[in-house]
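Structure first, commentary second.
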Amino acid sequence: MALVEIQGQVERITYVHEENNYTVARLQVAGRRDLVTVLGNFPSLNPGEVLKLLGEWTNHPKFGEQFKVVRYETVTPATARGIEKYLGSGLIKGIGPVMAKRMVEKFGVETLNIIETDIGRLHDVPGIGPGRIDMIGKAWQDQREIREVMIFLQDHGVSATYATKIFKRYGKESIEVVKDNPYRLAHDIFGIGFLTADRIAEKMGIPKDSPRRAEAGILYILNELADEGHVYFRYEPLIGRCQEVLGIERDIVTQAMAGLASEKKIVMEDLNRDIEDFRENHKAVYLMQFHVCETGIARRMQLLARTGRVLRAIDTGKATAWVQKELNLTLAKGQVEAVKAAIEEKVMVLTGGPGTGKTTITRAIIRIYERIGGRVLLAAPTGRAAKRLSEMTGHEARTIHRLLEFQPQYGSFKKNEDDPLEADVVIVDEASMIDTALMYHLLKAIPPSATLILVGDVHQLPSVGPGNVLKDIIASAAFKVVELNEIFRQAKESLIIVNAHRINRGEMPVSAEVAEKTRADFYFIREEDPEKVLAHILELVRTRIPRRFGFDPVSDVQVLTPMYKGIIGATNLNQELQKELNHSQKEVVRGGRVFKLHDKVMQIRNNYDKEVFNGDIGRIVSIDLEEQEMVVNFDGREVPYDFPELDEMVLAYAVSVHKSQGSEYPAVIIPVMTQHYMLLQRNLVYTAVTRAKKLVVLIGTPKAMAIAVKNDKVQKRYSRLAERLGCVSERPCVMQGASLDR
């Protein structure tokens, strides 16, 4: 079929694939009454732009007539209406729909030319002062330069979603930086990984067996493994994976590995002394920062355990008797043991499932230490967990990042061994969520004379970041551990708590329909068809749960799913729930994501500048197209985001179970399907169920539930923390590699 040329103005963008820029857009084409659907790869597209397109007409059996684009160019809008729509799309910071209308009313078709050549004349437009003119001028210039960067990057396979971030990071030097070393992008720009940088490098002629490529590839693979939870990885499997991913010979990989070790970017520890089979090269390969953190955790915890207190001694018998009277409660045997351990030990772990009294013990410990004048600090890994800890104990609790006073301008914590916390006792809740790096920084800031109490449920999913810190501390047998197992009478009235313990024991949960004398807070809906599961979830969130239980469908009901992909994965669920629950017309489109006013959203990376962290959930309270800014309310704190920063944000009507850690919701809905086979694990379902305070609805098949409940084999995470912690003074360990407390 012969190629044809058409020209039209972009009315709206329906879809953008963030990786390859594949775009579906609707254009107003001269001579056609209805909008035309165009498909193609565009480095950047905004409503209002006029495009000259070369391509062919096709007919889709479901969507009808479409125009497939082979090549295109941007044309300056020629009509006043076109210019108004172009400028009002949010393309230029400082110009929104209202201001665009005023400018076009004043200057008509000359508006763009005036911005380009005589911007001072914008003074004549009502509402535009010197500050806004400067903003518009800078944005217009930046947009021109960004477009040059976008075109360059498009030629090298980079998504336009990242062009603004690259420009913001490197400025006018963007193209030169990328040409000089494309692998820098993988380190410097959030969202651009090694594979994208590697595609650029290939197009620039960097050879496949280049040492620079091999070193960058090894670091990329080690970071990928860290994302899977590993603190280190074994040498031989790592070599094999590098060969496979990079497509290079073993010798090139081993030489690059040696080079990285000499540059102190990685650390290799010999494991042959721990393993009888000497035929294989048994080494642990660490990224330098994780080796420093893991060895540092071991040293700091041993220092804590060996250093005496400055607080006066406490009579444990009298203290436990006093606190029971003070709090008007009677402690069970295990709880008394926990209180005594918190008094007698310098480091102790308190673990147990829901309803076993961990919060009660925490309150008792706080009261005892405060009675003798001890300075007690409470912390948790997430804002929601810290808020809940404050509410449950009546004592101020902070996130670990806030406790340690993170300094964004330096990329480090203010509190450390040189400027320690002013504390005699540090109690950390939800300790199962703490990864290796955060634990190290926390321990550096705790004075050696202080007592450390870690509270958490070891049966939950491990941290999102690398390591399995709480489990390793328990496995080391180096510190006192008290596990609470008894469910108390009031907790037994909740099927959520009863079933959480049943799941943890490998038993199938009991639903409210068959339970007797129990509050109806746990349901299982049987459904095999994923399409019908989706329909059930939408109905439950929209009408059934709010009508029956009085919960708000957005703020009170949370869908938790094991996966991101598929019909009942988080991505599709969010799109469908957004359609059902948010009919706001005010929106911003970034890449393939549509954010509407009042949407529930989640941060997906730690942003220390904004003090917003991976997994934090908020609500969009404003979208300003003129200022190109979106404001999100996180638990009462309003945080502004420039539009280019919105790739840190996703919709949060449905979230993964991993991202829900540390949070509690009045009601949760959990799809459990055999399609999730690889992720059906006991600790995953247990974690999901224990996120609910008042209602759990499982929906799926009993077969899938049985697979999950019976599967207690968790994916191994490579860590040497347990062995390091087991090294007591009588049996010193060989600590190789980096300085521990740098």
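The values are calculated or read from the model by the stated rules, or taken from the named source; none is laboratory data. Here the structure is a predicted model, which means the values were calculated and not measured. Cβ placement follows ideal geometry from the backbone for every residue including glycine, while neighbour counts extend to all protein chains displayed. When the accessible area is computed, the model is the full protein with side chains, heavy atoms only, and any ligands, DNA or RNA have been set aside. Shrake-Rupley method; radii C 1.70, N 1.55, O 1.52, S 1.80 Å.
When peptides 62-70, 656-664 are ranked by their average number of other Cβ atoms within 10 Å per residue, the highest-first order is 656-664, 62-70.
Overall form of the range 231-270: oblate. Here a/c, set by the Cα gyration tensor axes a ≥ b ≥ c, is 1.5 or more, and a/b is not larger than b/c. The modelled label-to-label distance for the pair residue 12/residue 54, using points 7 Å beyond Cα in the direction of Cβ, is 3.1 nm.
Ordering 356, 721, 35 by Cα displacement along the dipole of the chain toward the positive end leaves 356 in first place; charges were set at the Cβ atoms of Lys, Arg (+1) and Asp, Glu (-1).
On the protein heavy atoms, probe 1.4 angstrom, tell me the percent of accessible surface of the chain carried by carbon and sulfur. Write out the running numbers ahead of the final one.
On the way: 16090 of 33450 Å².
C and S fraction of accessible area: 48 percent.
When both the range 687-711 and the range 528-547 are represented by their alpha-carbon centers, they are found 16 Å apart. Local charge for residue 346 was computed over the other residues whose Cβ lies under 13 Å away, with Lys and Arg +1 and Asp and Glu -1, and equals +1.
Which entry is the computed Cα Rg over 2.2 N^0.38 Å for this structure: (1) 1.02; (2) 1.07; (3) 1.26? This structure yields the entry labelled (2). For the range 167-179, putting each phi into the Karplus relation 6.51 cos²θ - 1.76 cosθ + 1.60 with θ = phi - 60° gives couplings of 5, 5, 6, 10, x, 5, 8, 3, 5, 5, 4, 5, 5 Hz, in residue order, rounded to whole numbers and with x for Gly and Pro. Only one residue of 675, 603, 655 has its Cα farthest out toward the positive end of the dipole of the range 576-688, where Lys and Arg carry +1 and Asp and Glu -1 on Cβ, and that residue is 675. Calculated accessible area for the range 259-340 comes out at 54 Å² per residue, all protein chains present (probe 1.4 Å; ligands, DNA, RNA ignored).
For the chain, the antiparallel share of DSSP beta bridges with both residues in that region comes to about 60%.
Here the chain is treated with +1 on each Lys and Arg Cβ and -1 on each Asp and Glu Cβ, and its dipole about the Cα centre works out to around 1720 debye. Is the shape of the range 365-405 best called rounded, prolate or oblate, per the rule: a/c under 1.5 gives rounded, else a/b larger than b/c gives prolate, else oblate, with a ≥ b ≥ c the square roots of the Cα gyration tensor eigenvalues? Because a/c hits 1.5 or more and a/b fails to exceed b/c, the range 365-405 counts as oblate. Computed FRET efficiency, Cβ-Cβ of residue 322 and residue 638, R0 56 Å: what is it to the nearest 0.05? After rounding, the FRET efficiency stands at 0.80.
Using Cα pairs under 8 angstrom and six or more residues apart, how large is the relative contact order of the chain, in percent? All intermediate terms of the calculation are to be shown ahead of the outcome.
On the way: 1382 pairs, mean separation 84.0, N = 742.
It comes to 11 percent, rounded to a whole number.
Label-to-label distance, residue 63 versus residue 254, with points set 7 angstrom from Cα along the beta-carbon direction: 5.2 nm.
With the dipole of the range 160-298 worked out from charges on the C-beta (+1 for Lys and Arg, -1 for Asp and Glu) around the Cα centre, which of 282, 272, 216 lies farthest toward the positive end? Of the options given, the answer is 216.
Summed over the residues of the range 606-722 and divided among them, the accessible surface reaches 34 Å² per residue at a probe radius of 1.4 Å. Only DSSP H runs of four or more residues enter the estimate; each adds -39500 (n - 2.57), and after division by the residues of the chain the mean residue ellipticity at 222 nm equals -11000 deg cm²/dmol.
What does the C-alpha gyration tensor say about the overall shape of the range 473-629? Classify as rounded when a/c is under 1.5, otherwise prolate if a/b is larger than b/c, or oblate. Walk me through the numbers on the way to the answer.
Working: a/c = 2.23, a/b = 1.41, b/c = 1.59.
Because a/c hits 1.5 or more and a/b fails to exceed b/c, the range 473-629 counts as oblate.
Legend: residue pairs 659/713; 565/713; 600/694; 168/415; 62/203; 387/579, Cα-Cα distance threshold 26 Å; pairs beyond threshold, 168/415; 62/203; 387/579.
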